[in-house]
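Visitor: Sharing a structure, written as structure tokens. Questions coming.
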Amino acid sequence: MDDCSSESSLVTAAPHASFLQRTLERLSSTQCLQIRAEEAAPVAVIALQRYLSENEAEQLDSYDVTFTDGVWRAKCLLHPGLHDLVHTNTLRTGADVFISQCSYIYNERMLGHGYICIEQLRCQPGRSVVLPQIKDIRSLPVLVKHGMERSVMLQSDVPLQVSRKHYLSLWNNDDPEGDIWSPGYPSPEPVLDVSKITLLCHLESFFKPTWKSLPLLVKIIHKSRLRYYGKHGQKIDFPYQAYFEVADQSGIMSLVLWNELCPEYYQKLTVGTVLYLQNYTLKQSYSNRSHPQMDHHRMKTFNSEICLNPRNPASFITVISPKRVLPQWGLPEVAYHFVTRSELDSLSNNAACDVIGLVTYVGRIERVKNKATKGPEKYWTYRWIHAVDGTSDHPFILELFSSSQPDIFNHICPMTYLVCTQMRVCQVDGSLSYLTSSFETETFITGYHKGQPYVSDPKVKSFIHWTKTLKDNAVLEKTAVGGHYYYPHPPQKCLQAMADSSAQTLLVAVADLKTEMETLQYREHKRFAIQGQISAVRYTELQTREVPVVRHGGDPPSSAEQTARASLTSQSHEKIPAKRIQLREVTPSVQRDHSPAKRKAELQEERDSESDPEPLQDAERRPPLQLEDSDLLSWESSSWEKQQEEVTEHLCQGGLHRDSFHRGFTLDDKDVLLQWSNLQPAHWAPEQSPDTVPPADCPGYYQVTILGINKQIAVDAAFFPIVSTADPRAVGLPQDPHGNTMLSSLSSGFLCPLGDPASTSDMILPEPEEVLATARELEDVHVVCILDLCHLGVDRVEVVLSRVYRVTELRLNEEL
């Protein structure tokens with residue numbers, strides 16, 4: 001009661017001129033409150049937290065949203081009808097909203113607990129007007145209804161629906177979320193009696209149901225990411241599981257941490273940690289689970305699992321500090337299997353290895369749906385990374401999934417030293433092999449290497465020696481962040497069956513593509529193939545000066561978005577005369593100026609261009625926007641004008657956006673580029689500044705209209721060919737020479753030859769009108785188009801045309 005009284009005094013001492021307080025007072029006399037526009041005031045979203053709903057019938061996640069009006073903080077439940085605003089990142093931290101309808105819900109099974117449920121709201125575009133006025137968000141008092149003071153404790157870091165005890169990560173289920181996962185202070189170590197310990201090799205032969213377990217003394221040699229197995233109807237408060245591989249002098253055995261023990265111990269248990277275990281149980285290892293490859297340890301592996309449970313029986317875990325570990329215990333050293341980039345190509349497919357490299361490219365974080373999940377949808381988060389180690393002209397290409405290390409995963413940036421363990425080799429026909437992370441992968445970056453067992457590995461030492469020979473400026477010129485990226489590249493010849501749901505690229509009807517575009521969630525990526533013919537191509541150069549357009553709930557779009565929208569909303573189908581354009585060389589690493597004065601000028605120019613925004617609907621009523629330096633180049637098939645009359649739907653909402661283009665990396669822009677390429681955070685922080693991203697350096701792109709094979713639905717997709725080796729997409733790209741026709745460029749994905757920023761020779765590339773002059777060879781050609789879709793937030797769907805195949809060149813089978 002003392003705690004509640006203390007919190008209550010804080011609440012009543014706060015000022016009363018507050019929209020949130022007025023709203024709560026009005027809810028005392030009504031079941032449901034509708035707020036008129038003249039009564040509303042903006043409130044800012046400062047936290048957005050997800051958890052498994054307690055309503056089993058809904059089979060949904062629930063979301064708690066914390067708002068502030070600058071005077072109070074209030075955590076509210078989001079009505080399920082508004083969940084799509086979260087799924088599309090329209091409702092997000094750091095933005096303002098206007099609440100128009102809400103109600104107050106009492107917990108009927110608990111005294112003194114209730115909360116506001118937000119039933120209708122409007123997301124405000126542009127920058128927050130509330131947050132700049134707040135110096136310390138934590139100093140604001142929590143708004144609680146009179147008599148409901150107990151809710152203050154619940155609003156610390158647990159869900160409003162009290163049957164749930166913890167939050168989930170906002171965008172995946174693999175990352176620990178909340179204060180309960182903090183490692184805390186180390187507990188005092190008891191006196192250990194190591195005279196009664198048993199070895200792992202004895203467990204399987206001696207273990208019986210009536211046998212009392214003897215203590216174990218083991219060292220952790222592998223750690224896997226967390227596994228969340230929660231589902232509706234389940235009565236487990238913390239449905240988590242974490243696998244470790246532990247060893248003593250006799251061999252290696254799996255160890256499983258269950259349920260409540262995961263929040264308490266997962267962050268404390270690291271590779272190299274020595275454990276003293278009591279009151280454990282033993283069972284046969286689950287045959288279908290993945291295991292790390294441990295042949296390099298040269299030790300016997302046992303098939304049983306050590307189970308550590310919070311109860312029945314309650315296991316005792318003692319973490320032994322390194323200074324107390326004695327050599328006579330005979331615990332093995334942690335072993336690694338590091339390979340250099342020059343050795344990678346000799347490894348077999350699916351082989352496991354550890355790598356270390358200097359990061360040169362970091363892709364944006366994207367999400368992919370786990371199709372095997374039952375119940376609520378589960379997403380994995382991943383990003384693509386390039387890293388070099390000086391042993392090859394090619395970088396490591398890494399597909400890195402979140403490994404329950406969000407502080408590391410979200411801070412991977414160029415110029416950092418990256419270590420990835422237990423990566424699996426993926427061989428690619430006709431191109432470079434890449435590495436993908438496994439369930440057992442751990443990652444470490446600069447700032448986290450100290451004390452890790454791998455620092456003494458000879459190949460790690462050799463890598464560090466190599467990095468000392470580098471010059472930072474020379475490396476910086478070859479770095480990049482974000483933008484559209486996908487690997488491996490589509491094959492030059494499409495021979496795989498695409499109708500099988502297990503295929504890497506699924507062949508779908510254009511009508512199904514429409515559904516997929518409409519149901520994509522924030523940063524979700526999907527790749528599809530469709531049949532049809534190319535009916536129109538437009539080229540847009542990105543050197544524009546436009547009045548910016550603020551999208552609903554989003555940042556002002558780039559000039560690329562505005563130009564694309566203008567070309568799509570134009571009602572004229574008349575061909576525009578070609579105007580000769582000087583195609584700029586896309587070599588951001590050469591043209592980039594790292595000086596603070598230049599950087600400041602660029603950012604100020606971008607801010608100035610984003611002032612005085614106009615509503616989207618007004619912009620769409622304007623005539624086509626005008627380009628300063630070039631006209632819009634275009635080609636249409638001879639039958640397109642007539643075919644448009646028969647088309648029932650034209651999917652033109654997709655295309656390129658400013659987030660589609662990678663940015664050059666500089667140390668001055670490190671923080672803003674990390675924020676830009678990461679996912680929207682669950683908690684707002686004052687340093688969030690999404691509208692100071694450096695401008696992209698890209699000459700232009702082609703907007704391609706694809707008419708479905710049955711000529712009923714058309715879809716627009718963006719094609720921006722690779723023109724320079726400085727583009728991260730050029731890595732691993734097959735570069736067979738071609739004639740730079742429109743069709744050959746679409747079929748290869750690049751213009752020939754690729755420019756090399758390191759070369760002093762002039763770069764000769766065809767100009768856009770020269771490429772479009774050959775577009776008539778597309779007339780009535782039956783093609784298969786590979787499309788990459790990614791939802792970039794709010795209503796922005798990126799649709800990129802990655803490759804085009806002529807059907808006559810395919811190996812036709814029953815799927816096609």
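Visitor: Could you please state how large a percent of the accessible area of the range 19-164 is carbon and sulfur, counting protein chains only and using a 1.4 Å probe?
Guide: Summing carbon and sulfur atoms, their accessible area is 50 percent of the total for the range 19-164.
Visitor: Given a 1.4 angstrom probe, what's the average accessible area per residue across the range 19-164, in square angstrom?
Guide: 44 Å²
Visitor: Something else about it: What are the semi-axes of the equivalent ellipsoid for the range 285-384, taken as the square roots of 5 times the Cα gyration tensor eigenvalues, largest first, in whole Å?
Guide: Semi-axes (√(5λ), whole Å): 31, 26, 17.
Visitor: Sticking with this structure for a sec: Ordering Arg22, Arg424, Arg50 by how much accessible area each has at a 1.4 Å probe, largest first, what is the list?
Guide: Final ranking, largest accessible area leading: Arg22, Arg424, Arg50.
Visitor: Follow-up. From Cα coordinates alone, what are the radius of gyration and Dmax values for the range 200-329 in angstrom?
Guide: Cα radius of gyration and Dmax of the range 200-329 are 14.6, 50 Å respectively.
Visitor: Expressed as a rounded percentage, what relative contact order does the range 19-164 have, with Cα pairs under 8 Å and six or more residues apart?
Guide: Once divided by the residue count of the range 19-164, the mean separation gives 27 percent.
Visitor: Let me check I've understood the local charge: for Pro42, count other residues with C-beta under 9 angstrom from its C-beta, Lys and Arg +1, Asp and Glu -1. What total comes out?
Guide: Local charge sum for Pro42: -2.
Visitor: Right, another one. With a ≥ b ≥ c taken as the square roots of the eigenvalues of the C-alpha gyration tensor of the range 668-712, please select rounded if a/c is under 1.5 and otherwise prolate if a/b is larger than b/c or oblate if it is not?
Guide: Taking the square roots of the gyration eigenvalues as a ≥ b ≥ c, the range 668-712 is oblate.
Visitor: Something else about it: Can you bin the range 735-777 into rounded, prolate or oblate? Criterion: square roots of the alpha carbon gyration tensor eigenvalues sorted a ≥ b ≥ c, rounded for a/c under 1.5, prolate for a/b above b/c, oblate for the rest.
Guide: Here the range 735-777 falls in the oblate category.
Visitor: As an exercise, use a Förster radius of 56 Å and the Cβ-Cβ distance of Ser639 and Asp295 to find the FRET efficiency, rounded to the nearest 0.05.
Guide: FRET efficiency, Ser639 to Asp295: 0.35.
Visitor: Return the whole-Å distance between the Cα centroid of the range 685-717 and the Cα centroid of the range 415-470.
Guide: After rounding, the separation between the Cα centres reads 33 Å.
Visitor: Counting only heavy atoms of the protein chains, get the accessible area per residue of the range 200-329 (1.4 Å probe) and round it to a whole Å² value.
Guide: Roughly 47 Å² per residue, with all protein chains present.
Visitor: Also: Just to confirm, what accessible area per residue do you get for the range 402-529 at 1.4 Å probe, in whole Å²?
Guide: Dividing the accessible area of the range 402-529 by its residue count gives 43 Å².
Visitor: Find how many whole Å separate the alpha carbon centroid of the range 167-242 from the alpha carbon centroid of the range 66-142.
Guide: Cα centroid of the range 66-142 versus Cα centroid of the range 167-242: 36 Å apart.
Visitor: Considering only DSSP states other than H, G, I, E and B, which GluC sites (Glu not before Pro) in the range 299-406 qualify as loop sites with at most 12 other Cβ atoms within 10 Å?
Guide: Glu333
Visitor: If I compute solvent accessible area with a 1.4 Å probe over the protein chains, what percent of it on the range 200-329 is carbon and sulfur?
Guide: 50 percent
Visitor: So what are the radius of gyration and Dmax for the Cα set of the range 9-131, in Å?
Guide: Values for the range 9-131 (Cα only, Rg and Dmax): 14.4, 42 Å.
Visitor: In what sequence, highest mean first, do 180-193, 348-361, 95-108 appear when ranked by Cβ atoms within 10 angstrom?
Guide: 348-361, 95-108, 180-193
Visitor: Accessible area of the range 358-495 with a 1.4 Å probe: how many percent of it is carbon plus sulfur?
Guide: 53 percent
Visitor: While we're looking at this one, here's another question. Could you check the spin-label model distance between Ile464 and Glu767? Points 7 Å from the Cα along Cα→Cβ, value in nm.
Guide: 5.5 nm
The values are calculated or read from the model by the stated rules, or taken from the named source; none is laboratory data. These numbers come from a predicted model, not from an experiment. All Cβ positions, glycine included, derive from the backbone under ideal geometry; neighbour counts span all protein chains shown. Protein only, heavy atoms only, side chains kept; ligands, DNA and RNA dropped before computing areas. Shrake-Rupley method; radii C 1.70, N 1.55, O 1.52, S 1.80 Å.
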